[in-house]
Structures are given as structure tokens and as C-alpha cells.
Amino acid sequence: MARGIAEQVALRLVAAGELIDSNPETALAHTLVARRLASRIAAVREAVGLTAYRAGQWQTAIGELRAYHRMTGRQTHLAVLADCERALGRSERAVDMFRATDRDQLSPEEAIELLIVAAGARADLGQREAAVAMLQVRELTTDEPWVARLRYAYADALLAVGRNEEAREWFARAAEVDEDAATDATERLLELDGVVLDDQDEGDDFDALEEDEDEGADGSEEDDADFDDEGALDDVEEDEYDEEDDVDDEDDEEAEEDDAHDEDDDEGDDDDEDDDLAEEDDEVADEDDDEGAADADTDEPPDKPEPAAP
């Protein structure tokens, strides 16, 4: 395989491993890309099968995990295959797989997981007493990490056939060793003891918390509204100030226009006065001309006396 392709496949598998718990669908998409690049790599086919199982793609999981078993010769995921058969409504096949498997070739954990699935398949078929009998194994008293799941499955099977006291005992024993909270044994034990977690009260508390948050949000909105009103009031006041300034400017302009008109009127009056003075000067000049003419008539030499007749 080319180095570049190998790096891409490795990155896809790493991404799938990080997402398989939180987002199995996306994890499956990464493994499918890896399979397209390297379909002959057993680890890739195993990754596709496990992510498909977590994503609820039962048929894809069966095909890929069977391919992984053929490629490696191992039988490490028989419990997952049997559980996929149960999910597809084929519980008989799950029981048959348990019967046909050589459990000595499996690890203790793998064998117990297959046993739990097969007992569940028996219960699916209505064989509840048979399911209880299947789970009565010596491993119930071990202290292995996986024993919590076995004890939980046994307690659940006992409860299904009405053996409540025994079921309570085994739920308690499962809770004792379930350090990672892989099961809900503690909650089931409380239910059997009559201690019911009131989901309604929790819902009411949650609703009350939401109401408080909503009230807080409403208060914030009111504060924002008050702030907006104050801002709007400031805008109105600014507009009023602007209008007053505009009025003052208009008054100043009118005053300037009035002053200009007054100046024009004054200039017009001055022109009228000048015209009057000019007319007076003309009248004086005419009077002078008349006086001069009179004087000219006065200054003419007397007529010469006519000579006496001889």
C-alpha cells in the first residue's frame, strides 16, 4: 500500500475511534472511506463492522465482521454477530450461534458476552426459565471486570420470571462491582426497594429553572426596552434641540434679510434725497438764469435820441 494511502486510512480509523461513542454515524462514514481505500486490511473491515453495529446498521455489521473473521481466522466478535441477529428479529440464529461455538477458543469475557446475548435471545422467544438456567454459571461469583454485566443479566432474568427477592440480591451484587456504571443496576435496585425517582418532580424543577431563565431574559429585555426608551428620548431631545437651532438659524436669516431690506430702503431714501437736492439745484439754477436774464435786460444801453428836425 502506498504511504499516502496508508496515512489516509490511519487518519480515518483514528477519527472513527474518537467518534464511535458520541457520533457513531460519522464514525461509520470514516470507516467506509477507509474500506474504499484498503478493503483487504482486516483491521479496516473490523472497524467498519463495529461502527456499523454502534450505528444500528445490523446487516452491514454482520457482513463486515464475518469478513474480518474469515481474514483473520478469529472468532472475537461472535457476541456482536449474535446480537445483530437478535436486532433483526432472528433470535433463533443467535441461539444456534451459541450452541455451535467452541467457547474454549474464546476469551472468558467473549464467552460471557455470547452467553448473555444467547440468554436474551431465549427470553425473546418466550423461554424465560431457560434464560435463567443459562445464566446460572460459576462465573457469577468471580471478581472479573465484566462480572457486573453477567450479574445484571442474571438479575434481570430472575425479575422476568417473578423471583423479585433473588433479583434484588443480584442487582445489589452487580451494583457493588459496577465501578464504571456500565449498567443501571443501582436504579433498578432502588425501584425494587420502592424508591422511585420522580421524573415529574425533576421535570418540574427543570421547568421552574427554565421559567427563572425566561424571567431573567424578560427582565433583560425590559431593561433593554428602558434603555431603548431612554435612547429614544435622548433622540427626541436632540431633535428638539436641532429644531430650535434651525428656528434660530431661520430667525437669524430673517433678521439678516430685514437688515438687507433696511439697507436697501436707506439707500433708496438717500437716492430720493439726492434727487430732491438735484431738483433743488436745478430750480436754483433756473432762478439764477432768470435773474441773469433780467439783469441783462437792465444793462442794455439806452436808445439813442432821434436827431431833431432841422
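Structure notes:
- Counting neighbouring Cβ atoms within 10 Å and putting the fewest first, the residues Arg128, Arg66 line up as Arg66, Arg128.
- Rg in Å to one decimal, and Dmax rounded to a whole Å, for the stretch 32-150 via C-alpha atoms: 15.1, 48
- On the basis of the beta-carbon distance and an R0 of 30 Å, Glu191 and Glu129 show a calculated FRET efficiency of 0.85.
- Zone of Gln8's modelled label, taken as backbone nitrogen in the stretch 24-67 under 14 Å from a point 7 Å along Cα→Cβ: 30-39
- Label point distance in nm, Arg74-Arg36, each placed 7 Å from Cα along Cα→Cβ: 2.7
- Sorting the segments 72-79, 151-158, 26-33 by their residues' average number of neighbouring beta-carbon atoms within 10 angstrom, most packed first, yields 151-158, 26-33, 72-79.
- Local electrostatic count, Ile5, Cβ distance below 13 Å [Lys/Arg +1, Asp/Glu -1]: +4
Read the figures in this text as sums done on the coordinates, not as results from a lab. Predicted model only: the values in this text are computed from it and were never measured. So basically every Cβ, Gly included, is an ideal-geometry build from the backbone, and we count neighbours across all protein chains shown.
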